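Chemist: Supplied in structure tokens, the structure appears directly below.
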Amino acid sequence: MISTAIRLARVGSLSELTAAALIGLGYPCVMIAALLPNVWLFAAFATVTYAADWYLHRKGSYLINRLAKVRVGLTIRFLLRQVLLVLLLAREGLAESPLFYTAVAGFLVFYALQAPHGALTTLIRLRRAMPVVTRNVDLQLDIPDAAPLFLRRRAAEKMLHLDIPAMLGVLLAAALGENVLGYAGIGLSVAFGLLYIAALAPYLRRGKRVPAAPVVLEAVSEWLRQYQPTVVLYFSGSSESAYQGNMWLETMENIEGRPLIIMRERGLVGKLHPTTVPVICVPGATHLMNMDLSSVRVALYPANVGKNIHLLRVPTIQHVFIGHGDSDKLASVNPYSKVYDEVWTAGRAGRDRYALADVGVRDDDIVEVGRPQLAPIKPWTGTPKNPIPTVLYAPTWEGWDTNPGNTSILLAGENIVRRLLAAENPVRVIFKPHPFTGIRDKQAKIVSATITTMIREANAARAADPSWAAQAVAAKQDQETARAAMVRIEAELAELAITGKSGRDGAELSRDSLADPQRLARIKDLRAEWNEAYWGSAGWWEHLVVTGPEPKIYDCFNESDAMVSDISSVVSDFMASGKPYALTDSAELGAEEFQRQNTAARAAVILTNSAAELDELLAAVASPERDTLAQDRQELKEYLLGPDNPPSMDRFNDAVRALAAESESRNLGVEERLNEQAQAQAEPGIGSSSLGSGVPADAGAGAGDAQAPLSR
């Protein structure tokens, strides 16, 4: 019942739901107290509504938006409380008193101040907004500091809360008969409101604004002309899709040429991991299409999204779909992929998928480049890393359709974990659900929570088991040392993350966020140390639930000896380790048909929804002699991911180099044809009829209205 209420209210926790209930019940109670009348009850219930409102705002609860949509937004809630206070005064027999008229006039003046305050905050925000957000890009612009964060954050809520002195003063005056308390409270509220406005007003001056949009865009163009980027990673998506861009950052740092990352959503920039690669976020399509990208030869796209069209229209660039994983999902053979000049896959399997799907992607437009991101994955030694095997359960999410084969978590998740926890020969379980779990089907989130509870209960039972007590005692000191190391590392990482004053707005972050290679190298080293400490902070016998960005899925691969998952890119990536794995046939196609339809399943233990076949996987982990699929995995690994030599990064760079040369050749050809056409038109006797040659007179301009069509 509670979980259903939380889901319907779109709140994140029971505490938020409680606060929402207090608001819903508090206002009727305030009204009853006003009608009774009872000053002290009124004060108590009003305090509850203040506190609940403040808590929901602090948590950023979605319920705040919902209240506004049903016409009980923030301003109305504060006004309602003040109207009820006026009603209380009337019921107390003070309707003809100076206090009553002063309270009404004071609240009217207080509300009159909301208009200039709201206008100021809006204008300041708009005039501080830059048309682009940058990282590691020095635009050499004079960008002044923004107003202090305490003036900007939740400004409307803070302004309205300045009515507290007036409310408190009037209530005390009504209860004690000392009108001066009411006058003082009202005066303080109005004075605080005026002070807030006065504190904001200087930040509307010209000297506190960021440069105008044309100036900023010209600075971006000048930077592009100087930097001359050659390879672009173009990324757009929802706030949950940041991982799709983050997985390519290290590759972009090691790519040949001058890399650049172009993003489209401001909210995603903050979720991008630290990188030395220049980043330009251009939310406006018109601004992007007017950027000078004439030096760019190759554009890489990790996702098929609608905003790709804004760069795909540039003919001087060769466009490549690189995706964000390699799997047998339908998304891996999206018909949209045929808009790109080339599609780069990890291995032969990707090429064959497109051939079988017959969606219009030509075989000669497919290039096998491997998966550069898989370098951190360590190969299996053939024996468990710890005294007992570790099995990773990493189900994918439920997908956008209702196909029961998308994820195992709904139909098989509990069975898989239950069998692993009850295995005859003990194993450790690491559960890492997909970050999208529950987006499409809320039941998946509920099952994920149930599995988390099962694992916690299993840990508690194992901790209480005397047979594990000796292990816990022996490892206690090392675990405490590892936890202390994590605290130290997190503190240093937090310090390194601060590159300027706290509370900076987007303009200040763009100004200050210049790459510091030494700092980024230190962050990388610290993350590696943190990862090692994380695994050391828990016993090798303790089950784990891993959520959030750290530790990464590849770290979980290295810690585990086997994996259970679904058809997704996780499986293809896990293949790089050479370790045994199992896949769940949740749609109940049957093992033979499931393997026929899904390449990655050909070297896997196939599980039904009962997960009864898990013993075969556990046997393969425990004893190399019983690992009957080892040779199949090795062959499938090369088929899916390509050969180990040459390294994938080398093959990736070779593909970039070859395509850049093709782009250069194409652009030179266009330039020569345009020159020939211009010469032909300039010859005596040649007029406008020469346009019949088959090349339109404005062929070059199509490179765009914004791009220089010719090669530099």
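Chemist: Keeping to segment 93-110, report how many residues are among the small types (Gly, Ala, Ser) and more than 17 Å from ARG81 (Cβ to Cβ).
Modeler: Total satisfying the criteria: 4.
Chemist: Determine which member of the set GLU490, GLU495 is at pLDDT below 90 and either over 24 Å from LEU617 (Cβ atoms) or hydroxyl-bearing (Ser, Thr, Tyr) (or both).
Modeler: One residue alone meets the criteria, GLU495.
Chemist: Are any residues in segment 608-626 more than 27 Å from LEU411 (Cα to Cα) and touching a helix residue (DSSP H, G or I) at 6+ places or on another chain (Cβ under 8 Å), and if so, which ones?
Modeler: Across segment 608-626, the qualifying residues are PRO624, ARG626.
Per-residue answers, yes or no, for (1) of a type in the set (Asp, Glu); (2) surrounded by 14 or more Cβ atoms within 10 Å (Cβ to Cβ); (3) part of a helix (DSSP H, G or I):
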{"residue": "VAL216", "(1), (2), (3)": "no, yes, yes"}
{"residue": "ALA219", "(1), (2), (3)": "no, yes, yes"}
{"residue": "TRP223", "(1), (2), (3)": "no, yes, yes"}
{"residue": "GLN226", "(1), (2), (3)": "no, no, yes"}
{"residue": "SER241", "(1), (2), (3)": "no, yes, yes"}
{"residue": "MET252", "(1), (2), (3)": "no, yes, yes"}
{"residue": "ILE255", "(1), (2), (3)": "no, yes, no"}
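Chemist: Also, I was wondering about something else. One residue is enough: does segment 265-275 have a residue meeting the conditions among the basic types (Lys, Arg) and part of a loop (DSSP other than H, G, I, E, B)?
Modeler: Yes.
Chemist: Going through LEU583, LEU589 one at a time, which residue ends up being modelled with pLDDT of 90 or more and under 28 Å from the mean Cα position of the chain (by Cα)?
Modeler: LEU583
Chemist: Can you go through PRO372, PRO404, PRO389 and tell me which one is buried (at least 18 other Cβ atoms within 10 Å of the Cβ) and either touching a strand residue (DSSP E or B) at 6+ places or on another chain (Cβ under 7 Å) or within 25 Å of GLU588 (Cβ to Cβ) (or both)?
Modeler: PRO389
Chemist: Let me ask another. Would you mention how many residues in segment 339-352 are in contact with a strand residue (DSSP E or B) (Cβ under 8 Å, 6 or more places away or on another chain) and farther than 20 Å from ALA299 by Cβ?
Modeler: Number of matching residues: 3.
Chemist: VAL210 is checked against (1) assigned to a loop (DSSP other than H, G, I, E, B); (2) closer than 29 Å to MET649 by Cβ; (3) aliphatic (A, V, I, L, M) and fails just one. What number does that condition carry?
Modeler: Every listed condition holds for VAL210 apart from (2).
Chemist: Please note which helices (runs of 4 or more DSSP H) are completely contained in segment 491-602 and include at least 3 residues that are over 30 Å from ARG128 (Cβ atoms) and not basic (Lys, Arg).
Modeler: Hits in segment 491-602: 517-536, 553-559, 569-574, 591-597.
Chemist: Filter segment 136-168 down to the residues that are β-branched (Val, Ile, Thr) and more than 23 Å from GLY270 (Cβ to Cβ) and list them by number.
Modeler: Within segment 136-168, ILE164 is the sole residue that qualifies.
Chemist: Select from segment 169-186 the residues that are surrounded by fewer than 21 Cβ atoms within 10 Å (Cβ to Cβ), touching a residue at least 40 places away in the same chain (Cβ under 8 Å) and either among the aliphatic types (A, V, I, L, M) or closer than 14 Å to ALA112 by Cα (or both) and list them in ascending order.
Modeler: ALA175
Chemist: Here is a further query. Do we find that VAL296 is in a loop (DSSP other than H, G, I, E, B) and under 19 Å from the mean Cα position of the chain (by Cα) in this structure?
Modeler: No; evaluated as a whole, the condition is false for this residue.
Chemist: Follow-up. Run PHE45 past the list (1) over 30 Å from VAL109 (Cβ atoms); (2) modelled with pLDDT of 90 or more and report the number of the one that doesn't hold.
Modeler: Result: PHE45 passes all but (1).
Chemist: Tell me which of these THR134 doesn't satisfy, since it passes every other one: (1) in contact with a strand residue (DSSP E or B) (Cβ under 6 Å, 6 or more places away or on another chain); (2) over 29 Å from VAL210 (Cα atoms).
Modeler: (2)
Chemist: Follow-up question, since we're still on this one. Within segment 119-154, which residues are acidic (Asp, Glu) and closer than 22 Å to PRO274 by Cα?
Modeler: ASP138
The values are calculated or read from the model by the stated rules, or taken from the named source; none is laboratory data. All of these numbers come straight from a predicted model, not from anything done at the bench. Quick reminder, even Gly has a Cβ in these numbers, built from the backbone with ideal geometry, and neighbours come from all protein chains shown.
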